[in-house]
1. Take the residues in the stretch 1-29 that are within 8 Å of the ligand (Cβ to nearest atom) and either of a type in the set (Lys, Arg) or assigned to a helix (DSSP H, G or I) (or both), then tell me which one is nearest to Glu153 (Cα to Cα).
2. Collect the residues in the stretch 37-69 that are in a helix (DSSP H, G or I) and within 30 Å of Arg174 (Cβ to Cβ), keeping them in residue-number order.
3. Looking at the structure I just gave you, is Gln94 near the ligand (Cβ under 8 Å from one of its atoms), surrounded by fewer than 21 Cβ atoms within 10 Å (Cβ to Cβ) and part of a helix (DSSP H, G or I)?
4. Are any of the residues in the stretch 108-119 in contact with a helix residue (DSSP H, G or I) (Cβ under 6 Å, 6 or more places away or on another chain), modelled with pLDDT under 90 and not in a strand (DSSP E or B)?
5. Mind telling me which of the residues Arg100, Arg56, Arg49 ends up being more than 24 Å from Arg164 (Cα to Cα), surrounded by fewer than 20 Cβ atoms within 10 Å (Cβ to Cβ), away from the ligand (no atom under 11 Å from the Cβ) and of a type in the set (D, E, K, R)?
6. Mind counting the residues in the stretch 152-186 that are in a helix (DSSP H, G or I) and without any contact (Cβ under 8 Å) to a residue 12 or more places away in the chain?
7. Among the residues in the stretch 121-135, are any more than 14 Å from the ligand (Cβ to nearest atom), over 21 Å from Gly18 (Cβ atoms), surrounded by 18 or more Cβ atoms within 10 Å (Cβ to Cβ) and not hydroxyl-bearing (Ser, Thr, Tyr)?
8. What number goes with the only condition from (1) within 12 Å of the ligand (Cβ to nearest atom); (2) without any contact (Cβ under 8 Å) to a residue 60 or more places away in the chain; (3) out of contact with any helix residue (DSSP H, G or I) (no Cβ under 8 Å at 6 or more places or on another chain); (4) basic (Lys, Arg) that Arg42 does not pass?
Amino acid sequence: MVRVIMLSPPGAGKGTHGRWLTQQTGAEHISSGDLLRAEVARGSALGRRLAEYSARGDLVPDKLILSILMPAVVAAARKTGGYVLDGFPRTMAQALRSARWGLELGLSSDAVIYLTAPEEELISRLLDRAQREGRVDDTLDVIKHRLAVFTRETEPLVDYYRDRGILLEVSTDRPEQEVRADLRDWFQARGLISPGAGDASVVSGAAGAVADEASAVASEASA
Ligand code: ADP
């Protein structure tokens, strides 16, 4: 089962292409942004803390994102053994943490998809999305801040994953079908999309170990 990280600036299409990859591979789609927004919508104390960072376009602290994300990774590991991680990792500390889980649990990522588009295109897509979805962080000032945060905190991960030989860089400044064709070719060439890709694989031992770490992270975050 394939394990993919979607790494891209806001507006480059990691949600759209991540969902498509999920359909192609049968892996679980885990969007850190969706998980955060769900927690905010629940109106919990944690959700109120998260909302402050997200509304400003800042990253939420690593400890908080880990406490939200780990249970979803546990569930994905139990269910399919694969994942499409959309929006995580986003800092070098998160990348190193996730590499450590990968080694400990036999859940290392096979592929990192780095989607790109020119900055003015990203801004225009996000402003369009603001009309459709009304996300509080899709105002021009906050969008520009999120792009700057991407450049400072997340872009260094591109070289880190390129050096590991698992990075595919794809421009999304062209028709969606072309992007999908490139993704499909690349995954097929590496044997990462196969006819049996939708089958569930059993990784209960690993999932149990992730669960232990998840509860440790959660109690640390609530401390
Ligand atoms: P986008 O890629 O359009 O910025 P996301 O939905 O992926 O949107 O993320 C929205 C917000 O959620 C981010 O601006 C940030 O505040 C928070 N967030 C999401 N993922 C992470 C992460 N891995 N680490 C820290 N903050 C995160």
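1. Lys14
2. Initial filter on the stretch 37-69 (in a helix (DSSP H, G or I)): 37-42, 45-56, 62-69.
Answer for the stretch 37-69, where residues must be in a helix (DSSP H, G or I) and within 30 Å of Arg174 (Cβ to Cβ): Arg37, Ser54.
3. Details: near the ligand (Cβ under 8 Å from one of its atoms): yes; surrounded by fewer than 21 Cβ atoms within 10 Å (Cβ to Cβ): yes; part of a helix (DSSP H, G or I): yes.
In short, yes.
4. There is at least one residue in the stretch 108-119 that is in contact with a helix residue (DSSP H, G or I) (Cβ under 6 Å, 6 or more places away or on another chain), modelled with pLDDT under 90 and not in a strand (DSSP E or B).
5. On the way: Arg100 fails: more than 24 Å from Arg164 (Cα to Cα); Arg56 fails: away from the ligand (no atom under 11 Å from the Cβ).
Selected residue: Arg49, the only one of Arg100, Arg56, Arg49 that is more than 24 Å from Arg164 (Cα to Cα), surrounded by fewer than 20 Cβ atoms within 10 Å (Cβ to Cβ), away from the ligand (no atom under 11 Å from the Cβ) and of a type in the set (D, E, K, R).
6. We begin by selecting, within the stretch 152-186, every residue in a helix (DSSP H, G or I); these are 152-154, 156-163, 176-186.
Add one more test, that the residue is without any contact (Cβ under 8 Å) to a residue 12 or more places away in the chain, and what stays is 152, 159, 162-163, 177-178, 181, 185.
Residues meeting the conditions: 8.
7. No, the conditions are met nowhere in the stretch 121-135.
8. (1)
The values are calculated or read from the model by the stated rules, or taken from the named source; none is laboratory data. All figures in this text were calculated on a predicted structure; none of them were measured in a lab. Here Cβ is always computed from backbone atoms with ideal geometry, including for glycine, and neighbour counts include all displayed protein chains.
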